[in-house]
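Structure first, then comments.
The values are calculated or read from the model by the stated rules, or taken from the named source; none is laboratory data. Nothing here was measured: the structure is a model prediction, and the numbers come from that model. We place every Cβ from the backbone using ideal geometry, glycine too, and count neighbours over all the protein chains shown. Areas reflect the complete protein model, heavy atoms only, side chains present, ligands, DNA and RNA absent. Shrake-Rupley method; radii C 1.70, N 1.55, O 1.52, S 1.80 Å.
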Amino acid sequence: MPINFQQAVEQIRSMGSSARQRKADLDALRELARSLLRQLTGQEDYLLQLVEEAQRKNPRLRAGVPALGRLDAAVAPPAQPRPCVLFAADGSQINPDRHAAVEFGAINVGAIRMRPGSPPRETVESRLLFYEDLFIHNQMLTEDIVALMRDLAERQKLFELAKPEREGGADVVTLTDGPLELYGEEQSNPAFKERLEEYLEVMRALARTGAGAAGYVDKPRSTYLVNLLELELLKSEGRLGAAGQDHPLFPVHDGDLYDHLLEPGQRTAVFALRAASSARFTGELALHFFYLNVGRENKPYLARVEIPHWVAEAPDLLSQLHTALLEQTRQMGVRPYPYILHRAHEVAVVSFQEKEQLEAMIQAELRKQGVEPGEGSNKQSSKDLSGRTRM
Amino acid sequence: MSQSYAIGRLLRASTTACVVGCRVDQAGLPAFGSLVRIPLAHDYEIYGLIYDIHIDDDGLVRQLVTADGVSDEVLADNRVNRNVPVEFSVLHCGYLQSGRISHLLPPRPPLSLDAIYASDPGEVVRFSGAGRFGYFRHILRAADLPTGELLAAHVQQSASCHRSAGDAGWQNRAVQELITLLRDDYPTLMSVLGALGDVQEI
């Protein structure tokens, strides 16, 4: 039995007994945050100064500041923007596994093209990693680095697809799932820095084509704007130095601020992200975001949409993106999520069976060449044993 | 061998029947009760009747049906690109070997991914006009089939082909044969005659 249910039941009861009080506390904090939002709306210049002051004290502070529009703006979907070609790419990967019989990795990128009036087109590109591909600076690729290589491959694929469309005169918007900003435990790793530079270069190339780019974050729990509001609380207590470390509004998140302000289809103003981690995203790549209510009447559902500066400052691209996301999410009925992103994921995902099939193909090729493939580790072999049966 | 269009490829088969898959956008082509053929070798092909058409769903399709409006592009994507085939069940009714049609079960079933073709009117006349309706027993024997409806659809299609070929009496002979075969099975006979009656009224 994998879980001690007797212990679990006691802990669940204990959790349940505090749930009501926690909800009441959270509701009070949400109300405080919303009142701060109302109070600070119209003081956007002051907020910018406040963030700059706080970041001088704590450079690791992450906060959003209004870049286009008021703090409480609710922007309706545009009436009728020009139709555009929409591309989405998603990737999946096989991480090298030292316990496996053969060491290999794979990066699989799926992309979908949708254009009004024509059937969607899908493409998939698979790159296998062998031998020296699996090492950077004599270190085996970590999961973070492989994930970064996947993100880079997604972006490169979108650039390859968008460029000819733009040269043909079409308006183009490209979408990926998740933030545009790249995270990773290993930001100080030289391999991470190298891939990040490549990623930024592809983003710049995409910007030069004039195609739009956006990262769609479903069910966001980000607190960029809550962090901003907290600065006012900390300042009033003379503790601005604790910005980014003390979180008096925790666990309120940005969605709590806007889910009652945005009607279905409306978005917030565009905010600029101020964070040390995104310092490499400068100029036309500077990261911005807005929240979009893709839900229904009385059932708001907010997504965060990350965009680079070149999209934030182009009203047409912004309108096309806004409209495209609403059309896409509506296709998915009661669980709104961009259809095209789901399809890109569906095309890209590598199943366990496919991984096993690749392993078998690699082993067969090695044997054909007279090279005996290695064996899996004893640990992996033990894990692969059939599970115990219970009486 | 006729060069008519392929409607799908074989998914699985037994001696008595097979299941064929095709993309959703091809679904307009074959119809319930249609005669199809599966060429296997130079002088050997299996004949069968489509007795069931099955369209499967998946998680995404189940979610899409909850949307207020599904765009034409999403419809096309699901019918053209996504791997959700329409499945046709085909009852084996006979075969052609060395130029001779037999209404016995085929000696060997088709294999995975064999192509399936709709029969043209000439093939329908040749198959259903050969022998003495021996293939009816495969239809009548099969359990869990909509026997009356299947026979009615087949008789309607075949009678039309025979009439065009100048044989107006084929339908009458087919019905007489069914009455003979079902003389000891009154409920089935009534069900079959009821369905055939609907065909004639139309």
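What's the number of the condition A:G374 fails, among (1) open to solvent by less than 50 Å² (accessible area, probe 1.4 Å); (2) within 14 Å of another protein chain (Cβ to nearest Cβ)? Unmet condition: (2).
Can you tell me how many residues in the stretch B:22-57 are more than 10 Å from chain A (Cβ to nearest Cβ) and either under 16 Å from A:R343 (Cβ atoms) or charged (D, E, K, R) (or both)? Qualifying residue count for the region: 8. Of the residues making up the stretch A:95-124, those that are under 21 Å from A:V347 (Cβ atoms) and among the aliphatic types (A, V, I, L, M) are A:A106, A:I107, A:V109, A:A111, A:I112, A:M114, A:V124. Taking the stretch A:120-142 as the range and being open to solvent by 70 Å² or more (accessible area, probe 1.4 Å) and either touching a Cys at 6+ places or on another chain (Cβ under 7 Å) or within 14 Å of another protein chain (Cβ to nearest Cβ) (or both) as the test, the residues that pass are A:R121, A:E122, A:V124.
Residues in the stretch A:89-109 include at least one that is away from every other protein chain (no Cβ under 14 Å) and closer than 19 Å to A:Q320 by Cβ.
Here B:S164 fits the description: among the polar types (S, T, N, Q), at pLDDT 95 or above and open to solvent by 70 Å² or more (accessible area, probe 1.4 Å). Test B:S102 against the stated conditions and say whether it is out of contact with any Gly (no Cβ under 7 Å at 6 or more places or on another chain), of a type in the set (G, A, S) and either away from chain A (no Cβ under 14 Å) or open to solvent by less than 70 Å² (accessible area, probe 1.4 Å) (or both). For B:S102, the condition - out of contact with any Gly (no Cβ under 7 Å at 6 or more places or on another chain), of a type in the set (G, A, S) and either away from chain A (no Cβ under 14 Å) or open to solvent by less than 70 Å² (accessible area, probe 1.4 Å) (or both) - is not met.
With the condition kept exactly as written, say whether any residue in the stretch A:353-369 is touching a Gly at 6+ places or on another chain (Cβ under 6 Å) and either hydrophobic (A, V, I, L, M, F, W, C) or crowded, with 23+ Cβ neighbours inside 10 Å (or both). Within the stretch A:353-369, none of the residues are touching a Gly at 6+ places or on another chain (Cβ under 6 Å) and either hydrophobic (A, V, I, L, M, F, W, C) or crowded, with 23+ Cβ neighbours inside 10 Å (or both).
Please count how many residues of the stretch B:121-139 are of a type in the set (A, V, I, L, M) and over 13 Å from the mean Cα position of the chain (by Cα).
So the count comes out to 2.
What number of residues within the stretch B:67-99 satisfy the criterion of being part of a loop (DSSP other than H, G, I, E, B), open to solvent by 40 Å² or more (accessible area, probe 1.4 Å) and more than 9 Å from chain A (Cβ to nearest Cβ)?
Total meeting the criteria: 4.
Contact map, the stretch A:305-318: residues that are among the hydroxyl-bearing types (S, T, Y) paired with residues that are open to solvent by 60 Å² or more (accessible area, probe 1.4 Å), Cβ distance under 9 Å, separation 6+ or inter-chain. No pairs are found. Per the conditions (1) of a type outside the set (A, V, I, L, M, F, W, C); (2) within 30 Å of A:N378 (Cα to Cα); (3) open to solvent by less than 20 Å² (accessible area, probe 1.4 Å), the sole criterion not satisfied by A:D97 is (3). The single condition from (1) more than 30 Å from A:E232 (Cβ to Cβ); (2) surrounded by fewer than 19 Cβ atoms within 10 Å (Cβ to Cβ) that A:P59 fails is (1). Number of residues in the stretch A:120-155 that are out of contact with any helix residue (DSSP H, G or I) (no Cβ under 9 Å at 6 or more places or on another chain) and in contact (Cβ under 8 Å) with a residue 60 or more places away in the chain: the value is 1.
Among the residues of the stretch A:327-339, those that are on the phi < 0 side of the Ramachandran plot and open to solvent by 10 Å² or more (accessible area, probe 1.4 Å) comprise A:E327, A:Q328, A:R330, A:Q331, A:V334, A:R335, A:P336, A:Y337. Residues in the stretch A:53-106 that are among the basic types (K, R) and either assigned to a strand (DSSP E or B) or closer than 26 Å to A:E181 by Cβ (or both): A:R56, A:K57, A:R60, A:R62, A:R70.
Looking only at the stretch A:340-351, decide whether some residue is closer than 25 Å to A:S92 by Cα and loosely packed, with under 15 Cβ neighbours inside 10 Å. Yes; the residues of the stretch A:340-351 include at least one that is closer than 25 Å to A:S92 by Cα and loosely packed, with under 15 Cβ neighbours inside 10 Å. Among the residues making up the stretch A:181-207, a single one is free of Cβ contacts under 8 Å to residues at least 24 places away in the same chain and either under 20 Å from A:R113 (Cβ atoms) or outside any helix (DSSP H, G or I) (or both): A:S188. Within the stretch B:141-181, the only residue that satisfies the criterion of being among the acidic types (D, E) and at positive phi is B:D144. Among what's in the stretch A:296-324 and is under 21 Å from A:P81 (Cα atoms) and within 14 Å of chain B (Cβ to nearest Cβ), pick the residue that is least open to solvent (accessible area, probe 1.4 Å). Taking the candidates together, the pick is A:A324.
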